[in-house]
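Okay, so here's the structure we're looking at.
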Amino acid sequence: MLGLFNTLSLGARALQANQLGVEVTGQNLANSSNAAYARQQVVLSTSTPTPTSLGMQGTGVQVSSIQQVRDALLDGQVRDESSVGGYWNSQQSALESAQGQLGEFLNLNSSSPDSQGLSDEINNLFNSFQSLATSPTSTSDRQDVVNQAQTLAQGFNQVSQQLSSLNDSLNTSVTNNVTSANQLLSQIAELNGQIANATASGGNANDLNDTREQDLENLAKLVKIQTTTNANGTVNVSIGGTQLVSGKQALDTLQAYDPGNGQLQVRTATGGTPLTLSGGSIQGTIDARDGALQTLRSNLDTLASSLISQVNGIYSTGYDLNGNTGGTLFTGTNAATIAVNSSLQTDPSLVQAAGVSGATGDNSVALQLAQLGSQSIAGLNNQTFSDAFASQVGAFGFALSNANAEVTNHSSVASMLQNQRDSVSGVSIEEEVANLITFQQAYSASSKIITTVDQMLQTVVSLKN
C-alpha cells in the first residue's frame, strides 16, 4: 500500500495539477479577444506507479506539459493568404488613389454633369476647328481654337503631373514597407533566440510563439515568405528564394533600390541579390505602378504625341490672316510637355486656317483639322483620338475592377481560413468556463483527500497516546 504519507503526496500533486489547470484556463479566458493568441491546455498524465505487495499501485496525477493548440498547416495557409491579400489590397489602394486624383480629368465616376475631362476637351478642340471652318475670318473663333487647344494641353499636363506624383508616392510606399519588413525580420530572429533558450531549459514558449506567429503573418502581408521549422522551435525565413533568417540569426535585410529607371525594386541589402517577389503589398504596389498606371502614362503620352504630330502636320501647311505659314499649333512631345505656341496666345490672327496665301476667307486647313477628329490614326491602333482615349480609360477601369474582385475573393478565403483556425486554436468562452468548473471541482475533491488523510494521521497519532 502507499501509506498515509504517500497518499498525502498524491493529494498534493492533484491539488497542484488542478490549480495549474485553473491558471491556464484563466490565461485562455483573459486572451479570448486576442486574435494572435492560440489557446493552451494542460496535459495531465498518471504519475509513476509504486510497486506494492498487491502489484503496481497508482500515485495520482502529474502535469506533463502545457501545450499550445496550433495547426501548422492552417498557420501556413493563413500566412500565404495574407500575402495574397496584401498584394491585391495594395493594388486596389494604388488604383483607387489614381481614380480619385484623375477622375476629374478622365471623367471617371464623375458626379457633375458639367465636369470636363480630357475626352470632352479633345472633342471641344475639333469642334472649335469646325466653327472656324464655318467662319474662317472670325477673330473670336480663332481665339476659341487657341483657348480650346490651351485647355486640352493643360489637361494633359495635369494628368501627367498627377500620375508622376502618384508614381513617387508608390515608390515611397515601397521604401516604407521595406523598412517595416526589416523590423519584422529582426523581431523574428530575436524571438527565435528567446524561444530556443526557453526550449533548451525545458520550458515552453507558447506566448513567444504567439508573438512570432503574428510577426510572421504581418511580414507575409508585406512580402510572400517561405518558412521551415527547426527542432529547437526556431523558424527560418526566406524571401524570393533567399534565406534572410536562420534560427536566431538575421542573415540579411531587404533594400529598396533604383535599377536606373526611377522605379524602385527590392534586393537583399548585403548580398545585393534582386528578389523576385510573388506576393505581398510591396509587390502589389510595384505591379500597380509598373502595370496599369505605367500603361496609362505611356498611352497618354502616345495620345498626346500623336495629337501634336497629326495636328501640326496639317496646321503647318496653312496660312494665317497675314499670309504667314509654317507655324505650329502645339509644342512639346508628350503629355507632360504639350503646350500651345506662345505666339498664338497673344495674337489669334496668326492661327493658320487657310490653304492659300492671301485668301482670308479660305477654310480648307481648318476643315481638314476638323475632319481629323473623326479619322483613324495608325499610331493609335487605327482609332480616333476620342476612341483611343476611351480605350485607355476602359483598360484602367478594368484593372481596378479586377483588383476589387480579387480583394473580395481574398476576403472570403481569408475569412474561411480564419474560421477554421479559430475552431482549432481559438478560445471558446463556453468551453473554458466548463473547464474552469471541472478543475475547480477536482481541486475541491483533491483537498478533501488531504483533509481525510490528515484526519487519519491524527487518529494514528492518538492511538500512540
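The values are calculated or read from the model by the stated rules, or taken from the named source; none is laboratory data. Predicted model, so just to flag it, every value in this text is computed and none were measured. Every residue, glycine as well, gets a Cβ built from its backbone with ideal geometry; the counts of neighbours run over all protein chains shown. These area figures cover heavy atoms from the full protein model, side chains too; ligands, DNA and RNA do not enter into them. Shrake-Rupley method; radii C 1.70, N 1.55, O 1.52, S 1.80 Å.
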Theoretical FRET efficiency, 1/(1+(r/R0)^6), r = Cβ-Cβ of Gln440 and Ser238, R0 45 Å, to 0.05: 0.45
The chain, relative contact order [Cα under 8 Å, separation at least 6], %: 23
Accessible area of the chain divided out per residue, in Å², using a probe of 1.4 angstrom: 47
Surface accessible to a 1.4 Å probe, Arg13 within the full protein complex, Å²: 70
The chain, accessible surface, carbon-and-sulfur percent (1.4 angstrom probe): 49
Alpha carbon Rg of the chain, scaled by the compact-globule rule 2.2 N^0.38 Å: 1.66
Rg over Rh [alpha-carbon atoms, Kirkwood Rh] for the stretch 1-97: 1.35
Cβ-based net charge around Asn147, under 15 Å, with every Lys or Arg adding one and every Asp or Glu removing one: -4
Debye equation applied to the C-alpha atoms of the stretch 170-273, log10 I(q)/I(0) at 0.10, 0.19, 0.22 Å⁻¹: -0.30, -0.88, -1.11
Two-decimal Rg to Rh for the stretch 347-465 - Kirkwood Rh, Cα set: 1.83
Helical segments meeting 30 Å axial Cα length and Kyte-Doolittle -0.5 threshold in the chain (DSSP H): 3-30, 72-106, 139-200, 292-315, 385-425, 429-464
Gain upon complete extension [Ala231, Thr459; 0.36 nm per residue less C-alpha separation]: 76.7 nm
Listed residues Asp320, Asp290 arranged by accessible area, highest first, probe 1.4 Å: Asp290, Asp320
Formal net charge of residues neighbouring Thr175 (Cβ-Cβ distance under 12 Å; K, R +1; D, E -1): -2
Protein-only accessible surface order, largest first, of Glu96, Glu121 at 1.4 Å: Glu96, Glu121
Positive-end residue of Thr273, Gln368, Ser135, charge dipole of the chain with Cβ unit charges: Thr273
Accessible-area order (highest first, 1.4 angstrom probe) of the listed residues Met416, Met56: Met56, Met416
Cβ-based charge dipole, the chain, positive-most Cα from Ala14, Asn322, Leu125: Ala14
Full-stretch length increase - Phe5, Glu190 - with 0.36 nm per residue and alpha-carbon distance subtracted: 61.9 nm
Zone residues, the stretch 48-81, relative to Ser423, backbone N less than 19 Å from point 7 Å out along Cα-to-Cβ: 69-79, 81
Point-to-point label distance, Asn404-Ala72, nm (Cα→Cβ direction, 7 Å offset): 4.2
Charge context of Gln214, other residues only, Cβ under 12 angstrom, K/R +1, D/E -1: -3
Debye log10 I(q)/I(0) at q = 0.13, 0.22, 0.23, 0.25 Å⁻¹ for the stretch 321-394, Cα point scatterers: -0.53, -1.08, -1.11, -1.15
Estimated FRET transfer efficiency (Gln62, Ser33; beta-carbon r; R0 41 Å; 0.05): 0.80
